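Take a look at the structure below.
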Amino acid sequence: MAEYKNPESEKEFEENFSQIKPRMTDTEAYYESSRCLFCYDAPCVNACPTGIDIPLFIRQINSNNAMIAAKTIYDSNFFGYACGKVCPTEVLCEGACVYNNTDVKAIEIGRLQSFATGKAIAANKAMFKTGASNGKKVAVIGAGPAGISCAAELRKAGFDIDIFEAKDKPSGLTVYGVAPYKITNEEALDEMSYLQKQLGYNVHYNKPIRTKEDLADLEKKYDAIFIGIGLGPTSALNLPGENLENVIGAVEFVEKIRMKHHKNSVPKRVVVLGGGNTAMDAASESARMGAESVTLAYRRGKEEMGAYHFEYDLAKGVGVKGLFNVAPVEISGNGKVQSIKFIRTKESNGKMETIPGSEFTIECDAVIKATGQSKQVELLKMIDGLSLDAKGKITVNESFQTGNKKYFAAGDSVSGGQEVVNAVADGKRAANGILNWINS
Ligand code: SF4
């Protein structure tokens with residue numbers, strides 16, 4: 001296991017969670033931008049869900065125009081800084097860079113993007129203009145990437161916007177759900193303040209929309225309503241022992257680490273259940289919080305994990321051990337977790353089967369469940385005409401309009417769970433859907 005001491009101060013926490021994509025210096029940005037080939041019909045642009053003109057902003061950085069580069073980025077993506085840091089660039093823009101066809105490293109597009117936008121945020125450089133008021137009001141439910149992006153785009157078109165957020169901070173997943181070594185709280189929130197100051201949408205914190213009456217009130221007061229509520233808590237596995245102390249959902253675990261930093265303590269021996277990116281984050285974070293052993297247990301083979309390869313490599317790099325083709329059977333303990341029993345699995349005719357008699361037990365002090373999040377269907381079912389698919393995702397048309405014409409939706413409650421950048425892109429498209437509908 002890599003040597004991480006349990007952090008006892010903010011400084012130690014920052015050392016353990018040092019940024020994997022740190023801000024570039026001016027010299028680094030100049031050098032890196034000078035490597036770009038400024039490709040025609042650049043594949044990096046086609047790979048970006050928000051379609052940022054990447055060669056253009058890199059050229060602008062290269063000619064010492066970071067503020068203009070930031071404008072190019074923000075014209076396409078309101079989360080330009082955050083996306084530069086938290087996007088899986090390895091499989092998006094950087095993964096598509098033509099340098100991948102050679103032995104030369106792909107351009108570090110994400111870091112260049114954060115370099116330029118970070119300068120604009122630090123200088124509080126005015127970047128956006130709100131449109132003349134059109135007298136229309138839109139309510140946005142949820143201040144996550146989709147909600148903020150939708151609100152920002154609508155403010156540019158002159159709408160009045162009220163965002164209703166259940167928690168006490170904006171940016172959703174970016175501040176609550178992303179591993180702290182990808183972006184700091186301060187960085188995520190600075191970009192949010194920068195946007196709100198210029199675009200002037202209202203955010204009402206600690207104001208969840210929960211009841212039919214809440215919805216009726218919004219319907220009465222607003223011309224349209226945008227739903228950007230994301231996903232709910234970690235789903236139950238219905239395993240014996242699941243309610244023991246120190247059995248926790250990965251989303252809740254990551255949020256605790258993000259909000260409380262070194263004031264959390266992680267038990268010595270941790271087992272993480274799951275094979276997706278959230279499982280990798282939870283495992284890496286456990287190790288960086290000083291756990292002595294972290295085991296990632298997945299019911300299928302290593303190659304079948306949903307996580308990106310680089311995320312698994314990051315987890316392995318801090319000492320996380322993989323345990324594949326195992327399914328949890330039971331968690332045991334005396335009030336708190338003491339062990340977890342697994343059974344081995346194998347694939348047969350495309351289906352996973354357990355192998356009789358192959359049970360074994362691992363002693364551990366915590367079990368983190370990274371096996372999927374629930375959908376927030378209770379609220380959605382209260383909206384007349386809005387339909388959900390079999391998985392509880394909101395059904396929308398190409399304009400992101402739901403079955404109830406007054407409601408539009410985007411982000412995880414529609415996609416079922418994608419990257420921040422996808423929610424940003426779709427929130428903006430939904431804003432244009434609202435604009436066209438109201439003007440029609
Ligand atoms: Fe530059 Fe790579 Fe994009 Fe070409 S593909 S424009 S080299 S970043």
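Pull up all non-local amide H partners of residue 306: gap of 5 or more, or a different chain, and H-to-H distance under 5 Å with H placed in the peptide plane.
Under 5 Å from the amide H of residue 306 lie the amide H atoms of 275, 276, each far enough along the sequence or on another chain.
So if we plug the beta-carbon distance of residue 39 and residue 399 into 1/(1 + (r/R0)^6) with R0 = 41 Å, what FRET efficiency do we get, rounded to 0.05?
Once the sixth-power term is evaluated, E becomes 0.80.
Which of the peptides 228-238, 267-277 is most tightly packed, and how do the rest follow, going by the mean number of other Cβ atoms within 10 Å of each residue? Write out the running numbers ahead of the final one.
Numbers: 228-238: 18.4, 267-277: 22.5.
Result, highest mean first: 267-277, 228-238.
Pairing the Cα long axis of helix 145-156 with the longest principal axis of the chain, what angle in degrees results, from 0 to 90 and rounded to the nearest 10?
0 degrees
List the trypsin sites (Lys or Arg not before Pro) within the stretch 166-236 that DSSP assigns to loop and that have no more than 15 neighbouring Cβ atoms inside 10 Å. Mind showing how you got there, number by number?
Numbers: sites: 167, 182, 197, 210, 212, 220, 221; in loops: 167, 182, 210.
Listed in order of number, the matching sites are 210.
For the stretch 247-369, compute Rg over Rh where Rg is the Cα radius of gyration and Rh is the Kirkwood radius from the inverse mean 1/r over Cα pairs.
Values: Rg = 14.3 Å, Rh = 14.6 Å.
My calculation puts Rg/Rh at 0.97.
Taking Cα atoms, how many degrees apart are the long axis of helix 420-439 and the longest axis of the chain, rounded to 10 and kept between 0 and 90?
40 degrees
Which links in 220/375; 71/119; 302/336 stretch past 19 Å when you go from one Cα to the other?
Numbers: 220/375 26 Å; 71/119 11 Å; 302/336 30 Å.
Result: 220/375; 302/336 exceed 19 Å.
Assuming 0.36 nm per residue, please report the length gained on full extension of the stretch residue 353 to residue 259 beyond their Cα-Cα distance. Provide the component values of the computation, followed by the final result.
Values: separation 94, 0.36 × 94 = 33.84 nm, distance 3.94 nm.
Additional length available on full extension: 29.9 nm.
Sticking with the crude label model, points 7 Å out along Cα→Cβ, report the distance from residue 98 to residue 378 in nm, one decimal please.
5.5 nm
Among 244, 293, 225, pick out the residue whose Cα is farthest towards the positive end of the charge dipole of the stretch 143-299, where Lys and Arg carry +1 and Asp and Glu carry -1 on C-beta, about the Cα centre.
293
Would you please name the GluC sites (Glu not before Pro) within the stretch 224-318 that are DSSP coil residues with at most 16 other C-beta atoms within 10 Å of their C-beta? List each step's numbers first, then the result.
Values: sites: 242, 245, 252, 255, 285, 292, 303, 304, 311; in loops: 242, 292.
Sparse-neighbourhood loop GluC sites (Glu not before Pro): 242, 292.
Compute the long axis of helix 66-76 from its Cα atoms, compare it with the longest principal axis of the Cα atoms of the chain, and write down the angle in degrees, 0 to 90, nearest 10.
Taking the Cα atoms of the chain, the angle to 66-76 is about 80 degrees.
List the longest stretch of the chain that has no exposed loop site; here a site is one of the chymotrypsin sites (Phe, Trp or Tyr not before Pro) assigned by DSSP to anything other than H, G, I, E or B, with at most 12 other Cβ within 10 Å. Present the calculation step by step, with values, prior to reporting the outcome.
Numbers: sites that count: 38, 40.
Free of exposed loop sites, the longest segment is 41-440.
5 Å is the cut-off here: which amide hydrogens, built 1.01 Å from N in the peptide plane, fall below it relative to residue 373, excluding neighbours closer than 5 in sequence?
235
Once you have the Cα-Cα distance between residue 105 and residue 387, take 0.36 nm times their residue separation minus that, and quote the gain in nm to one decimal.
Numbers: separation 282, 0.36 × 282 = 101.52 nm, distance 4.59 nm.
Full extension of this stretch gives 96.9 nm more.
Give me the net charge for the shell around residue 331: Cβ to Cβ below 12 angstrom, other residues only, Lys and Arg +1, Asp and Glu -1. Walk me through the numbers on the way to the answer.
Details: positive: 336, 341, 369; negative: 242, 245, 330, 363, 365.
Once all neighbours under 12 Å are counted, the net charge is -2.
Please compute P(r) over all alpha-carbon pairs of the chain, binned at 10 Å starting from zero, and give each bin as a whole-number percent.
Percent of pairs per bin, in order: 4, 20, 28, 26, 16, 5, 0, 0.
Take the cross-link list 169/197; 136/428; 156/393; 212/391; 5/263 and give me the ones stretching past 24 Å between alpha-carbons. Working shown, then result.
Details: 169/197 15 Å; 136/428 17 Å; 156/393 29 Å; 212/391 22 Å; 5/263 14 Å.
Too far apart for the 24 Å limit: 156/393.
With all protein chains present, how much of the accessible area of the stretch 1-118 (probe radius 1.4 Å) comes from carbon and sulfur, to the nearest whole percent?
Working: 2810 of 5500 Å².
Looking at the stretch 1-118 in its full context, I get 51 percent from C and S.
What do you reckon, how do 39, 87 stack up by accessible area (1.4 Å probe), largest on top? Before the final figure, lay out each step's value.
Values: 39 40, 87 20 Å².
In descending accessible area the options line up as 39, 87.
Rounded, prolate or oblate: which fits the stretch 12-118, taking a ≥ b ≥ c as square roots of the Cα gyration tensor eigenvalues, rounded meaning a/c under 1.5, else prolate when a/b beats b/c? Write out the running numbers ahead of the final one.
Working: a/c = 1.39, a/b = 1.24, b/c = 1.12.
Because its axes are fairly even, with a/c under 1.5, the stretch 12-118 counts as rounded.
Calculate how large, on average over all directions, the projected area of the Cα convex hull of the stretch 284-325 is; give the answer in nm² to one decimal.
Working: hull surface 10.7 nm².
Over all viewing directions, the stretch 284-325 projects a mean Cα-hull area of 2.7 nm².
Which net charge results when you count Lys and Arg as +1 and Asp and Glu as -1 among the other residues whose beta-carbon is under 13 Å from that of residue 353? Provide the component values of the computation, followed by the final result.
Details: positive: 299, 300, 344, 346, 351; negative: 347.
Every neighbour counted, the sum reads +4.
The values are calculated or read from the model by the stated rules, or taken from the named source; none is laboratory data. The shown structure was predicted, so the numbers you read here are calculated from the model rather than taken from an experiment. So basically every Cβ, Gly included, is an ideal-geometry build from the backbone, and we count neighbours across all protein chains shown. Side chains are part of the model used for accessible areas, which takes the heavy atoms of the whole protein and leaves out ligands, DNA and RNA. Shrake-Rupley method; radii C 1.70, N 1.55, O 1.52, S 1.80 Å.
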